[in-house]
Amino acid sequence: MAISIAISNSIGVSDSIPSGGGGFVWVNPEAEAYYNAVTVANGGDVDTVTLYSQTLDDTKQAIDTRVTDLKTAGVFTKLVRDYPFFGGTADTHAINGMNAATELLYFGSPTHSNLGLVTNGAGQYASMNNSLSSEVPSSSDWAIGLDTNSANSKIMMGSRDSTSIGAVVRYRLSTLIGYATNKAVRSAAAIPSITDSFVVLSQDGSTTATIYSDGVQEAQHTSSSGTVPTTQPLFINAWNNSGGVIDAVSGSTKFSFVSSGLSLAEVGSLNTINNAFQTFLGR
């Protein structure tokens, strides 16, 4: 029977490292549905021993625990796109954990491995094939984010219909920047290196947009309300600027999401949960 060794912390999330194996039983049907979709896309069970040096039962436990923790933190019901980039192939990485029917599309032939979605900084990226406005409750209630190990000091995700309608999180030239509707949110101080970070841009039901790095608030900005993109789809590892590709990333992305707006506490919880899962997968 699989055993979960949990270290409790102040936000009530378990930094869970499963051990043991045999006879695994799912607790969360959503986690089971996600794994089953990955299995179909893979043509059978994922070879977790080769990819992640973990047994299949322990890996199922880690996926299940991740969903349990997301529910405990109050984040799970806010997610509309959840890409853990698990399984090591284009087909498995395309699976949205919240809805298997909304898969990613790839451009420029990115590669896929145990590290996740890997792009070369020269026009390779993934597209969610849908505008943000059709995914989230409103233009004042949304969040986007990704966990990237970047080789060219760029972290990019988002889209923009025009100069005043956008939702973009980016790191470039030592500055973490978010474009939230018609607002630019910039980190106050230079961030010399952000090569392996989980960055989030959130507008939590107000005109205030906040950008985070590894669960820490970096900057906020408040101005008149605008609208999120209504025509251009969100890109991962690049920025969709009115249909053009800008600032493509060279590196691997391990996780990306879209949700309704997240608070500081919720971003902190999501960061902890993501770190635990990535540590289990060895990336």
(message) Considering all alpha-carbon pairs of segment 33-134, what whole percent are spaced by more than 25 angstrom?
(response) 22
(message) I want to check the label-to-label distance for Trp26 and Ala122. Put each point 7 Å from Cα in the C-beta direction and report it in nm to one decimal.
(response) 4.1
(request) Label segment 79-281 by shape, choosing from rounded, prolate and oblate, from the square roots a ≥ b ≥ c of the eigenvalues of the Cα gyration tensor; if a/c is under 1.5 it is rounded, and otherwise prolate applies when a/b is larger than b/c, oblate when it is not. (result) rounded
(message) In whole Å, what are the extents of segment 225-283 along the principal axes defined by its C-alpha atoms, from largest to smallest?
(response) 37, 31, 13
(message) At 0.36 nm per residue, and after removing the present C-alpha to C-alpha distance, how many nm does the segment from Asp47 to Thr230 gain when stretched out fully?
(response) 61.9 nm
(request) Calculate, for Ser109 and Val40, the FRET efficiency according to 1/(1 + (r/R0)^6) with r their C-beta to C-beta distance and R0 22 Å; round to the nearest 0.05. (result) 0.45
(message) I want the local charge near Leu56. Using Cβ-Cβ distances under 9 Å, sum +1 for each Lys or Arg and -1 for each Asp or Glu among the other residues.
(response) -3
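Where a number appears in this text, it was derived from the coordinates with a stated rule and is not lab data. Bear in mind the structure is a predicted one, so any value in this text is a computation, not a measurement. Ideal geometry is used to build each Cβ from the backbone, glycine not excepted, and the neighbour counts take in all protein chains shown.
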